[in-house]
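Worksheet: the structure to be examined is printed underneath.
Here, each number is a calculation from the coordinates, and none is a lab measurement. Computed from a predicted model, the values in this text were never measured in an experiment. In this analysis, Cβ positions are derived from the backbone assuming ideal geometry, glycine residues included, and neighbour counts consider all displayed protein chains.
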Amino acid sequence: MTKKLYYENPYIQTFSARVIKQDQDYVVLSETAFYPTGGGQPHDTGTLNGIDVTNVETVDREIRHYLAQSLPENTEVVEGNIDWERRLDHMQQHAGQHILSAAFESLFGFQTISFHLGKESATIDLDTTAVTPEQLRETEKFANQIILENRSIDTIWVTLEELAQYKLRKATTLKEDIRLVIIPDFDYNACGGTHPKETGQVRLIKILQIEKQKRQIRVEFICGERVLTHLHRKQEVLFNLISILNAPEEKLVDAAKTVLENGKSSEKQIANLKDSLIHYEAKELLSNAEKHVVTATFQSRSIQELQKLAKTVVGGSPETICILVSENEHKLQIVAAKGDIVERSMKELVTNVLPYINGKGGGNEKMAQGGGENTLSSERLIEKALFYIR
């Protein structure tokens, strides 16, 4: 079996090892500092003889190192190099999870059901249906106090019989090769992950948000360097908002509310002006109507605007048919509407002209609409519609 250097010394960054098995996709070594995926913690990355290690997994009790390209045939010895930044990050997040989970359980009896370590943040699922903001603040404060005290993080291997001496935070199903991660007088947990030697190296824990997951609460958090990265990103956004809104930090919320309120007011004014414009357009179109038929062509008018204009036209003239066409991004759209005393079907009208533009549409007796390709001009499409009417 491969000697697990990551357990003997989680701070090891380089090592030498013999190749004891070489496959087309992976290699197995006599010893390794590469941590394989497991226990909620992702695998390490780095290089073997300068070749990128893309994945590390335990399969059939073998620790398999998957490489970006195969080692030369008959390679006997490799020099391994661990991506230390990634390893330290995983150590901080995993130890931080132990501390945060223990804090939730110690203060409120909330047990951790599962743990996931992602690229940007980590999450734990708590066996509870609700967590208050006060409980989150108290837990975060307690967890960071444990970090500040710089307590030791110890690891020991125990037998199944010896396991009974320890009060584990979460029961384990392991029967052999049981590894305990212990923060004395605070947390005892069976775990196969990598951790720093003291809680102080976690640096800081920050809870970001919670989300309800069926009958559990998911807590998203970050630790260590990720807190600084998160803070830098938030600070950059904050400075940009201060510049854009021309307001100090403590008044940003009020400034943003003012901008939103002004925006809504402006949108309402624009909508009112558009309504007024449509009424003027409708009046103008009716003044030029021939035999109670109104037609018009447009460029880049939405189907909603065409519908509103057509409805306004026939609403003021119950004996009128209104046919409007607009060309939008090399496509044609048509709307047909009729007044209350007109007997023709607008759905039937549109259905008959849409084949000329390979179009589709829908509607009812009073108003129908559709769109298709600009295989002919807007004026020709209106001519087709008028021909059908007459």
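Cα-based values for the range 3-82, radius of gyration first and Dmax second, are 11.3, 35 Å.
Choose one answer from 332, 48, 260: the residue with the largest mean-square fluctuation in a GNM of the chain with alpha-carbon springs under 10 Å. It is 332.
Computed over the range 127-188, the P(r) tail beyond 15 angstrom holds 62 percent of alpha carbon pairs. For the range 252-287 versus the range 103-142, the inter-centroid distance based on Cα atoms is 47 Å. Each residue of the range 88-232 gets 108 Å³ once the volume of the Cα convex hull is shared out per residue. Secondary structure note: in the range 236-379, about 75% of the DSSP beta bridges are antiparallel. In percent, rounded to a whole number, the relative contact order of the range 193-315 is 13, using alpha-carbon pairs under 8 Å and six or more apart. Each other residue within a Cβ distance under 11 Å of residue 205 adds +1 if Lys or Arg and -1 if Asp or Glu, for a net charge of +3. Across the range 206-230, the residues whose backbone nitrogen lies under 18 Å from the label position 7 Å along the beta-carbon direction of residue 114 are 210-221. Across all C-alpha atoms in the range 186-326, the radius of gyration and Dmax reach 29.9, 91 Å.
Comparing 156, 146, 124 in a Gaussian network model of the chain where C-alpha atoms under 10 Å apart are linked, the largest mean-square fluctuation is found at 156. Rg and Dmax, both from the Cα atoms of the range 277-389 and both in Å, are 12.5, 35. Full extension of the chain segment joining residue 60 with residue 244 gains 60.4 nm, where the gain is 0.36 nm per residue of separation less the Cα-Cα distance.
Report the per residue volume, in Å³, of the convex hull enclosing the C-alpha atoms of the range 72-115. List each step's numbers first, then the result.
Numbers: hull volume 4.8 nm³, N = 44.
It is 109 Å³ per residue.
Using the Cα atoms as the points, what is the convex hull volume per residue of the chain in Å³? Intermediate results must be reported in sequence, preceding the final value.
Values: hull volume 100.0 nm³, N = 390.
Expressed per residue, the convex hull around the Cα atoms of the chain is 256 Å³.
Take every DSSP beta bridge whose two residues both sit in the range 88-232; close to 100 percent of them are antiparallel.
For a quick check: sort 191, 322, 223 by the number of other beta carbons within 10 angstrom, fewest at the front.
On the way: 191 23, 322 29, 223 26.
Lowest count first: 191, 223, 322.
Applying the criteria of a DSSP loop state and at most 13 other Cβ atoms within 10 Å to the trypsin sites (Lys or Arg not before Pro) of the range 228-322 yields 291. As a rough footprinting exposure proxy, the listed residues 1, 91 were ranked by other beta carbons within 10 Å of their own, and the order from fewest upward is 1, 91.
Once both labels are positioned 7 Å from their Cα atoms along Cα-to-Cβ, the gap between residue 150 and residue 266 label points is 5.5 nm. Divided by 2.2 N^0.38 Å, where N counts the residues, the Cα radius of gyration of the range 28-128 comes to 1.33. Compute the long axis of helix 84-108 from its Cα atoms, compare it with the longest principal axis of the Cα atoms of the chain, and write down the angle in degrees, 0 to 90, nearest 10. Approximately 90 degrees, to the nearest ten.
Between residue 300 and residue 251, what length in nm is gained on full extension when 0.36 nm per residue of separation is reduced by their alpha carbon distance?
Working: separation 49, 0.36 × 49 = 17.64 nm, distance 4.11 nm.
Between residue 300 and residue 251, full extension yields 13.5 nm more.
Label-to-label distance, residue 141 versus residue 68, with points set 7 angstrom from Cα along the beta-carbon direction: 4.8 nm. For the chain, the relative contact order comes to 9 percent (Cα pairs under 8 Å, sequence separation of at least 6). When the helices of the chain are scored as -39500 (n - 2.57) per DSSP H run of n ≥ 4 and the total is divided over every residue, the value at 222 nm lands at -11500 deg cm²/dmol.
Result for the chain in a Gaussian network model with C-alpha springs under 10 Å: among 252, 309, 148, the largest mean-square fluctuation is at 309. Here r is the Cβ-Cβ distance between residue 230 and residue 293 and R0 is 56 Å; the resulting FRET efficiency, rounded to 0.05, is 0.30.
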